[in-house]
1. Within region 153-160, is there a residue that is open to solvent by 20 Å² or more (accessible area, probe 1.4 Å) and under 24 Å from Lys3 (Cα atoms)?
2. Report every pair of residues separated by at least 6 positions or lying on different chains whose Cβ atoms are under 7 Å apart, first residue within region 73-102 and free of Cβ contacts under 8 Å to residues at least 40 places away in the same chain and under 19 Å from Asp48 (Cβ atoms), second assigned to a helix (DSSP H, G or I) and open to solvent by less than 10 Å² (accessible area, probe 1.4 Å).
3. Just to be sure, is Ala165 over 17 Å from the mean Cα position of the chain (by Cα), under 21 Å from Ile78 (Cβ atoms) and buried (at least 20 other Cβ atoms within 10 Å of the Cβ)?
4. Mind checking which residues of region 62-100 are within 18 Å of Leu170 (Cβ to Cβ), of a type outside the set (S, T, N, Q) and part of a helix (DSSP H, G or I)?
5. Could you grab me the full set of residues in region 199-219 that are outside any loop (DSSP other than H, G, I, E, B), open to solvent by 10 Å² or more (accessible area, probe 1.4 Å) and closer than 26 Å to Leu145 by Cα?
6. Just for helices (runs of 4 or more DSSP H) wholly inside region 120-198: which have at least 2 residues that are modelled with pLDDT under 95?
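The values are calculated or read from the model by the stated rules, or taken from the named source; none is laboratory data. Bear in mind the structure is a predicted one, so any value in this text is a computation, not a measurement. Don't worry about glycine lacking a Cβ; one is built from the backbone with ideal geometry, like all the others, and counts go over all protein chains shown. Remember, those area values only see protein heavy atoms, side chains included, never the ligands or the DNA or RNA. Shrake-Rupley method; radii C 1.70, N 1.55, O 1.52, S 1.80 Å.
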Amino acid sequence: MSKLKEALDHHQIAYGIFSALKDPAIIEILGYAGYDFAVIDLEHSTVDLSTMEHMIRAAQVVNITSVVRTPQEDYGTILRAVEAGADAVMVPHLTSKEQAEKIVAMAKYQPIGQRGLDASTRVAQFGGTNVNLEDHMRKQNERLLIIGMIEDAEAVLNLEDIVTAKGLDLLFIGPSDLSASFGYPGQVTHPVVREAIQEVIDKANKAGVKVGIPAFKPNQVKEVIDMGVSYLTTPAVEASFLTQSLKTHLESVKR
């Protein structure tokens, strides 16, 4: 069981971070630092599929949950991520129940979905251990988490329907895109945006679907936990944190 899934199953807050830097060593560092999960970002970075696989491999070394954020609801990318061994897939801009069901069908084997069968892939140990296909399908369906990102006003309107999609495990709120969708780009603390975020959290929790969100600054962690989230990324992206930390350090030694 992945660290993210284990933490959520035990009603513990899980901590993660988005990884945009194209080096598996970053994932190892995050694991050694004690993070529960790392989101390997294929949407807003230039990470390719080969590097993604190495990052997943690094995650397994340090026992950190590998979440692959795909660029879109693309079968080719989703399939390659799960065949490479990702513990979870995160798909941006989920806006409807039908879309959620389509994503689940891409990532999960029958009887839940329609994922293609291949016992020679990395997640099937390259077919070298006489993998029982039926057991493999069952285990993969059990372990793989499907995460939909709520980033649009349309999704907020459709949320009560979205959370009924069978096989959709978690939601993750993208405040920046959500704020833009409501007409307040970048204003993630605007009352309209905050109300929408709280509405998503409340409705999802009522339906038994746990929700995550970024905490951009340390003082936001308690705030979002109090709002009802079960997992979060903090800081949001490792690249930004590294840049800001180095800048702060350099400024301090130049004084």
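1. No; the residues of region 153-160 include none that is open to solvent by 20 Å² or more (accessible area, probe 1.4 Å) and under 24 Å from Lys3 (Cα atoms).
2. Ile78/Ala107; Ala81/Met52; Ala84/Met52; Ala84/Ile56; Gly85/Ile56
3. Yes; evaluated as a whole, the condition is true for this residue.
4. Matches in region 62-100: Ile78, Ala81, Val82, Lys97, Ala100.
5. If we filter region 199-219 for residues that are outside any loop (DSSP other than H, G, I, E, B), which is where we start, we get 199-206, 210-214, 218-219.
Subsequent filtering for residues that are open to solvent by 10 Å² or more (accessible area, probe 1.4 Å) retains 199, 202-203, 205-206, 210, 214, 218-219.
Selection gives Glu199, Asp202, Lys203, Asn205, Lys206, Lys210, Pro214.
6. 133-143
Yes or no, residue by residue, for (1) touching a Lys or Arg at 6+ places or on another chain (Cβ under 6 Å); (2) acidic (Asp, Glu); (3) under 21 Å from Val221 (Cα atoms):
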{"position": "Leu4", "(1), (2), (3)": "no, no, yes"}
{"position": "Asp23", "(1), (2), (3)": "no, yes, no"}
{"position": "Ile26", "(1), (2), (3)": "no, no, no"}
{"position": "Leu79", "(1), (2), (3)": "no, no, no"}
{"position": "Val82", "(1), (2), (3)": "no, no, no"}
{"position": "Ala86", "(1), (2), (3)": "no, no, no"}
{"position": "Glu101", "(1), (2), (3)": "no, yes, no"}
{"position": "Gln114", "(1), (2), (3)": "no, no, no"}
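Okay, residues lined up against (1) under 18 Å from the mean Cα position of the chain (by Cα); (2) aromatic (Phe, Trp, Tyr); (3) under 21 Å from Thr233 (Cβ atoms):
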{"residue": "Thr65", "(1), (2), (3)": "yes, no, yes"}
{"residue": "Val68", "(1), (2), (3)": "yes, no, yes"}
{"residue": "Gln72", "(1), (2), (3)": "yes, no, yes"}
{"residue": "Thr77", "(1), (2), (3)": "yes, no, yes"}
{"residue": "Asp87", "(1), (2), (3)": "yes, no, yes"}
{"residue": "Gln99", "(1), (2), (3)": "yes, no, no"}
{"residue": "Val104", "(1), (2), (3)": "yes, no, no"}
{"residue": "Arg122", "(1), (2), (3)": "no, no, no"}
